[in-house]
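Chemist: Shown below is the structure under consideration.
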Ligand SMILES: Nc1ncnc2c1ncn2[C@@H]1O[C@H](COP(=O)(O)OP(=O)(O)OP(=O)(O)O)[C@@H](O)[C@H]1O
Ligand SMILES: [Mg+2]
């Protein structure tokens, strides 16, 4: 699934005035490509991912997925795209607090009406090493465990597009490496397009391409 951002602008109105986070950002990612987005804290990396996911609308400009403009899609079409094609690992995980780890992972499959949702969710939890925690609510999991549940939830649908915001940021080196290997395994098996935000040079080096978000635009270095 190819991804394109054209002249993307994102401004926020705050009490202190307007802040311009993205200012004419252009981006093209080919189907099956892996891209690392680097940049200082506050540069707009998470903001960019939410625009690429169609979770927030740009102030100006557009995002195209396989040549289709997100801005031109109805809410229903956007929801269908997100449900079927998109996996997203949020920086703050955004797990459902009332659902167990296993139920969180099964949710995207159940929303699609997949018959073997729980079986596949158990397998995904197993892949991130969390089988023994399947019954726990997020409040009873550690930060790194929540992050792994979020990763399992993103990969369980085998998405065509995977957006991951510091996917191993809360994990120790060994666990982080194992989890990152799962993301790249999905890319290799499924041809998934991967855009990940990371502060890790090693993880960035594992991607096909690296871009730096600075002054509201992406720069090659
Ligand atoms: N809804 C909002 N209203 C006002 N300002 C916002 C909003 N969302 C984000 N911002 C501001 O936009 C800037 C970019 O935020 P963003 O979360 O995209 O940064 P980031 O590059 O992901 O940083 P980090 O590396 O710390 O995660 C920040 O200064 C933030 O305060
Ligand atoms: Mg961020």
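Only the coordinates and a few stated rules stand behind these numbers; no lab work does. Only a predicted model underlies this, so the values are computations on that prediction, with no experimental measurement involved. Neighbour counts run over all protein chains shown; Cβ positions are idealised from the backbone, glycine included.
Chemist: Is the shape of segment 161-221 best called rounded, prolate or oblate, per the rule: a/c under 1.5 gives rounded, else a/b larger than b/c gives prolate, else oblate, with a ≥ b ≥ c the square roots of the Cα gyration tensor eigenvalues?
Modeler: Oblate, since a/c reaches 1.5 and b/c is not below a/b.
Chemist: Could you work out how far the C-alpha centroid of segment 17-60 sits from that of segment 192-221, in angstrom?
Modeler: First find each Cα centre; the distance between them is then 11 Å.
Chemist: Pick out which of 16, 188, 36 has the largest mean-square fluctuation in a Gaussian network model of the chain, springs linking Cα atoms closer than 10 Å.
Modeler: 16
Chemist: Would you calculate a helix-derived [θ] at 222 nm for the chain, using -39,500 (n - 2.57) for each DSSP H run of n ≥ 4 and dividing by the full residue count, to the nearest 500? Don't skip to the answer; put the middle values down first.
Modeler: On the way: 7 runs with 77 residues, N = 221.
It lands at -10500 deg cm²/dmol.
Chemist: Something else now. Report, in degrees rounded to the nearest 10, the 0 to 90 angle that the Cα long axis of helix 117-127 makes with the longest principal axis of the chain.
Modeler: 80 degrees
Chemist: To make sure I understand, if each residue's beta carbon is the centre and we count other beta carbons within 10 Å, what order do 217, 173 fall in, fewest to most?
Modeler: 173, 217
Chemist: I would also like to ask the following. Counting other beta carbons within 10 Å of each Cβ, put 207, 146 in order, fewest first. Could you put the intermediate results ahead of the total?
Modeler: Values: 207 19, 146 22.
Going from sparsest to densest Cβ surroundings: 207, 146.
Chemist: Additional query: From the Cα gyration tensor of segment 29-71, with a ≥ b ≥ c the square roots of its eigenvalues, which class applies: rounded if a/c is under 1.5, or else prolate if a/b is larger than b/c, or else oblate?
Modeler: oblate
Chemist: Please list, in order, the residues from segment 160-175 whose amide nitrogen is less than 14 Å from a point placed 7 Å along the Cα→Cβ vector of residue 208.
Modeler: Within reach of a label on residue 208, which here means backbone N under 14 Å from a point 7 Å along Cα→Cβ, segment 160-175 contributes 161-162.
Chemist: Most mobile of 58, 132, 167 per a Gaussian network model of the chain (Cα springs, under 10 Å)?
Modeler: Comparing 58, 132, 167 in the GNM, the peak value goes to 132.
Chemist: If you rank 166, 13 by fewest surrounding Cβ atoms within 10 Å, what's the result?
Modeler: Fewest-to-most ranking of 166, 13: 13, 166.
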